[in-house]
């Protein structure tokens with residue numbers, strides 16, 4: 001049985017680029033039949049960065065979360081950057097977020113965690129564990145994604161049309177009895193599908209100096225949807241059962257589910273395959289797309305601001321990631 005972590009979410013925030021692009025806009029640009037991409041993906045619209053940077057979105061979401069929590073920068077002693085796509089390969093993004101927020105040198109720790117679309121959930125787990133161990137008191141977790149920089153519009157437009165840009169943030173702190181807790185946190189990985197979704201360039205795999213054309217070809221996202229579906233269909237339902245068992249809950253105990261917004265079609269399949277109550281699932285994918293790691297904190301913040309999460313809510317966070325991994329948390333608010 002998982003040891004309950006005495007940590008709680010004190011505040012959340014999210015930020016979106018100002019520019020909205022409809023799927024029909026891309027149909028026109030790509031000479032596709034009007035409505036093709038919306039029908040293929042279920043995504044009607046998404047936000048795209050034009051003048052904003054990944055750091056701009058991260059800072060905006062973080063400041064909203066700080067205000068929501070009612071704390072100031074001096075209270076933060078750990079900043080975790082939790083994005084699937086970093087601002088640059090080296091150094092990590094978290095120190096830059098810390099600097100742009102106006103935090104002083106030496107005032108906090110800052111590092112990145114990357115488990116692609118599950119990065120926010122992984123960072124929450126690390127933050128809660130460090131809080132429980134007394135190694136942190138107030139943690140800022142930020143996921144900021146600009147997926148639009150790496151999309152395969154020329155080769156896989158139906159894949160490219162799934163994604164949108166945005167950022168989400170959360171403040172975690174210690175919880176005393178009656179203030180909520182994290183009842184369970186799990187991840188399970190199926191590396192047989194490692195190649196199913198990837199951006200192969202940017203690391204050490206392909207040398208830009210000796211293989212520049214291959215580097216350029218692999219600098220955009222690639223996805224094998226069939227391979228991903230096969231793994232998810234076979235194993236995800238069992239993963240959710242294990243997570244609920246670990247939390248000591250059954251499905252009827254859950255008040256709200258905040259899933260990774262992989263796509264509207266993927267969410268519909270998840271709801272059917274697990275037998276979830278549609279009314280309990282936060283679904284923002286059709287108008288924001290897949291925001292990679294930022295999708296879960298964005299959906300979480302929207303649900304909180306809409307009044308769907310309050311004291312006593314039993315919250316289930318679920319997601320999948322490239323690699324392939326499943327992850328989730330059972331949280332008592």
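Below, the figures for the structure above:
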read-out: Test: residue in the stretch 293-313 that is in contact with a strand residue (DSSP E or B) (Cβ under 7 Å, 6 or more places away or on another chain), modelled with pLDDT of 95 or more, over 18 Å from residue 14 (Cβ atoms) and not assigned by TED's automatic domain parsing to the domain that holds residue 116; value: yes
read-out: Qualifying position, being out of contact with any helix residue (DSSP H, G or I) (no Cβ under 9 Å at 6 or more places or on another chain), modelled with pLDDT of 95 or more and on the phi < 0 side of the Ramachandran plot, among 138, 133; value: 133
read-out: Residue match in the stretch 270-278 (condition: surrounded by 18 or more Cβ atoms within 10 Å (Cβ to Cβ) and either in the same structural domain as residue 82 (by TED's automatic domain parsing) or modelled with pLDDT of 95 or more (or both)); value: no
read-out: Residues within the stretch 128-169 that are assigned to a strand (DSSP E or B) and under 17 Å from residue 115 (Cα atoms), tallied; value: 8
read-out: Residue within the stretch 105-113 that is over 21 Å from the mean Cα position of the chain (by Cα) and closer than 18 Å to residue 124 by Cα present; value: yes
read-out: Residue that is surrounded by the fewest Cβ atoms within 10 Å (Cβ to Cβ) [pool: residues in the stretch 10-49 that are without any contact (Cβ under 8 Å) to a residue 60 or more places away in the chain and assigned to a loop (DSSP other than H, G, I, E, B)]; value: 31
read-out: Residue count, the stretch 232-248 (criterion: in contact with a helix residue (DSSP H, G or I) (Cβ under 9 Å, 6 or more places away or on another chain) and surrounded by 17 or more Cβ atoms within 10 Å (Cβ to Cβ)); value: 5
read-out: Options 40, 58; residue that is touching a strand residue (DSSP E or B) at 6+ places or on another chain (Cβ under 6 Å) and modelled with pLDDT of 95 or more; value: 58
read-out: Residue match in the stretch 202-211 (condition: touching a helix residue (DSSP H, G or I) at 6+ places or on another chain (Cβ under 7 Å) and farther than 30 Å from residue 331 by Cβ); value: yes
read-out: The lone exception for residue 105 - which of (1) surrounded by fewer than 23 Cβ atoms within 10 Å (Cβ to Cβ); (2) in contact (Cβ under 8 Å) with a residue 12 or more places away in the chain it fails; value: (2)
read-out: Exclusive hit being within 24 Å of residue 322 (Cα to Cα), crowded, with 21+ Cβ neighbours inside 10 Å, at pLDDT 95 or above and touching a strand residue (DSSP E or B) at 6+ places or on another chain (Cβ under 6 Å), set 83, 92; value: 83
read-out: Counted residues, the stretch 81-109 - those being more than 16 Å from residue 57 (Cβ to Cβ) and assigned to a loop (DSSP other than H, G, I, E, B); value: 11
read-out: Matching option when the condition is under 19 Å from residue 321 (Cα atoms) and out of contact with any helix residue (DSSP H, G or I) (no Cβ under 7 Å at 6 or more places or on another chain), among 197, 148, 185; value: 148
read-out: Leading residue by the ranking (nearest to residue 92 (Cα to Cα)) among those in the stretch 71-80 that are touching a strand residue (DSSP E or B) at 6+ places or on another chain (Cβ under 7 Å) and not in a helix (DSSP H, G or I); value: 80
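The values are calculated or read from the model by the stated rules, or taken from the named source; none is laboratory data. Here the structure is a predicted model, which means the values were calculated and not measured. Cβ atoms come from the backbone with ideal geometry, glycine included; neighbour counts cover every protein chain shown.
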